[in-house]
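The values are calculated or read from the model by the stated rules, or taken from the named source; none is laboratory data. All values reported here derive from a predicted model rather than from experimental measurement. Here the Cβ is made from the backbone with ideal geometry for all residues, glycine too, and neighbour counts use every protein chain on show. Accessible surface is based on the protein model in full, side chains and every heavy atom, while ligands, DNA and RNA are left aside. Shrake-Rupley method; radii C 1.70, N 1.55, O 1.52, S 1.80 Å.
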Amino acid sequence: MAKKTSHDPAAAEQRVQSEPGNAGPTNARASGSKAEKGALPSNTAPANYTNSDNGTRILRYGVDSLYLTCRGLLDKKVDARLDQLKQFAQSDAPEDMVQAVYEAGNHSFEVLGRGMGRFPFVLVDNWFHLQVSRVTTQSLPMCLVQVSSELLTRSGLKSSVSALQGVVASLGQIKSPVTVSRVDLCMDFETDIDLESIPRSAWVTRSHSFQSYWEQSHYSGCSFGLGGDISCRLYNKTLEIKKSKKTYMHEPWTEAGWLGEKTVWRLEFQLRRSVLKELRIETPVDLEHNLEGIWKYAMTSWLRLTIPDSDSNQTRREDHPLWIKLRDERWHQYPQEPLYRVSKSRVPTDERLFLHGIGSITSFMARENIEDIDEGFRAFQKEAQLYHLTQSQRTDRGLISYVREKVKVKSRKYNQLRDPNYAETRAKAYRKGKEGE
């Protein structure tokens, strides 16, 4: 549940200069409108500002979300093929639906039966989400691409963009460099500082909007400027992962020293095209060379966490020790592109399969007053066969045909039709499990 509070005068504009050895943006102009004047309400007691460390450890930083624009000309044969696959996806017949797959290199994209906005074709797997225009559309880019957070986290920015090039090349002719339309930069950290106790008056920002969030009476974070050209969120990432099941984040955290006990918080800035253009960020290469500079710009010119009583003039206040630590982290100090294998498929997790997915069988066992699991599975299969045998008199499909069709349709949805890595990955996991027994 969100709670809005009033807003404070904006901080004076500061220009971010590149540090020696860092290609950060220069002469950057802040994006945002003038803030309203007025006193800042504080809903909690002031935080402890005396300890400069407060148990803060940075676990990871990097690009969390990346949206790219690819301008060019879609190949006529690809246009016709995508149109056919979209029709297959819209079909009610499973034998048609399973054909709605576009193969590009070693990717097997699910082609959706609907477009998005003005883009008629949508292609999806675990790495990329593509919106593709028609060959006859001259006013739109050839495609818009969202790079998945998992790929960026586990493979890094440079490798992720490189992997995209072959996919885009399979669609048609690229006529200009790929441009960055949105980027989310993040830093994950653990700390002993009670973030809930930080008063509202400690935040100095250009944003008009401020929100605090709670989850079942527990503070879960705050946000600034959501929906604007630049925005920021500070939130409990550990709690968010419990909901999203994005447990791939645990690997880089553990390697950085996380023991799985402390809460991990994320500070995340989102920058859209208009701000990136002012910062002279056009291409993914520009972005790669200026990550630290963009981060420091956002943490000095647009938002600051300060010590409220250090000066009556907000622009001269001392920065909070936590803010200094997060702001001054050198992004090139340690590798940010660990080599993890990222599956292109979107397979369900074991938890979803073996906890949530077994719900129908346990419901059947409860209905039939069966407690033995082996007896329950056998009885469930027998009753399922009888049910589909009865249904087949009208549909001409028995249980076996029904299951095979469902498997094929879901294989398409999970990008499993031709993923060469999946069988190998599952086989290795099985062998590892057997060795551990």
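Checking each residue in region 252-269 for being without any contact (Cβ under 8 Å) to a residue 24 or more places away in the chain and either touching a Gly at 6+ places or on another chain (Cβ under 9 Å) or buried (at least 16 other Cβ atoms within 10 Å of the Cβ) (or both) picks out only THR254. Is it the case that region 188-195 has a residue that's over 29 Å from ASP79 (Cα atoms), outside any strand (DSSP E or B) and among the charged types (D, E, K, R)? The answer is yes, given that some residue of region 188-195 is over 29 Å from ASP79 (Cα atoms), outside any strand (DSSP E or B) and among the charged types (D, E, K, R). Per the conditions (1) open to solvent by less than 10 Å² (accessible area, probe 1.4 Å); (2) assigned to a strand (DSSP E or B), the sole criterion not satisfied by LEU152 is (2). Only one entry of GLU240, GLU288 meets the criterion of being part of a helix (DSSP H, G or I), under 20 Å from ARG154 (Cα atoms) and touching a Leu at 6+ places or on another chain (Cβ under 6 Å), and that entry is GLU288. If I go through region 218-251 residue by residue, how many of them are closer than 14 Å to CYS186 by Cα, of a type in the set (Lys, Arg) and open to solvent by 20 Å² or more (accessible area, probe 1.4 Å)? The qualifying residues number 1.
Can you name the number of the only condition in (1) closer than 30 Å to PRO177 by Cβ; (2) in a loop (DSSP other than H, G, I, E, B); (3) of a type outside the set (Ser, Thr, Tyr) that LYS262 fails? Checking LYS262 against (1) closer than 30 Å to PRO177 by Cβ; (2) in a loop (DSSP other than H, G, I, E, B); (3) of a type outside the set (Ser, Thr, Tyr), the one that fails is (1). Which one is farthest from SER223 (Cα to Cα), of the residues in region 270-285 that are open to solvent by less than 10 Å² (accessible area, probe 1.4 Å) and not in a helix (DSSP H, G or I)? Among residues in region 270-285 that are open to solvent by less than 10 Å² (accessible area, probe 1.4 Å) and not in a helix (DSSP H, G or I), the one farthest from SER223 (Cα to Cα) is ILE281. Would you confirm, using the coordinates I've provided, whether ALA169 is without any contact (Cβ under 8 Å) to a residue 12 or more places away in the chain and part of a helix (DSSP H, G or I)? The answer is yes for ALA169. Out of the residues in region 359-376 that are at pLDDT below 80 and of a type outside the set (Gly, Ala, Ser), which is most open to solvent (accessible area, probe 1.4 Å)? Filtering region 359-376 for residues that are at pLDDT below 80 and of a type outside the set (Gly, Ala, Ser), the one most open to solvent (accessible area, probe 1.4 Å) comes out as GLU368.
Look at (1) of a type in the set (Ser, Thr, Tyr); (2) in a loop (DSSP other than H, G, I, E, B); (3) under 27 Å from VAL63 (Cα atoms) and you find that SER108 fails only one, number (2). Of all residues in region 119-138, those that are over 12 Å from VAL167 (Cα atoms) and polar (S, T, N, Q) have Cβ atoms under 7 Å from Cβ atoms of residues that are outside any strand (DSSP E or B) and open to solvent by 20 Å² or more (accessible area, probe 1.4 Å), 6 or more apart or on another chain, in ASN126/SER148; ASN126/GLU150; ASN126/SER343; ASN126/ARG346; SER133/LEU140.
Among the candidates GLU240, GLU268, GLU278, the residue that is more than 21 Å from ARG330 (Cα to Cα), touching a strand residue (DSSP E or B) at 6+ places or on another chain (Cβ under 9 Å) and of a type in the set (D, E, K, R) is uniquely GLU240.
Taken over region 291-307, residues that are buried (at least 21 other Cβ atoms within 10 Å of the Cβ), assigned to a helix (DSSP H, G or I), in contact (Cβ under 8 Å) with a residue 40 or more places away in the chain and not aromatic (Phe, Trp, Tyr) amount to 7.
Restricting SER207, SER170 to residues that are open to solvent by less than 20 Å² (accessible area, probe 1.4 Å) and of a type in the set (Ser, Thr, Tyr) narrows the list to SER207.
Please go through region 222-250 and give me each residue that is basic (Lys, Arg) and free of Cβ contacts under 8 Å to residues at least 12 places away in the same chain, ordered by number.
LYS242, LYS243
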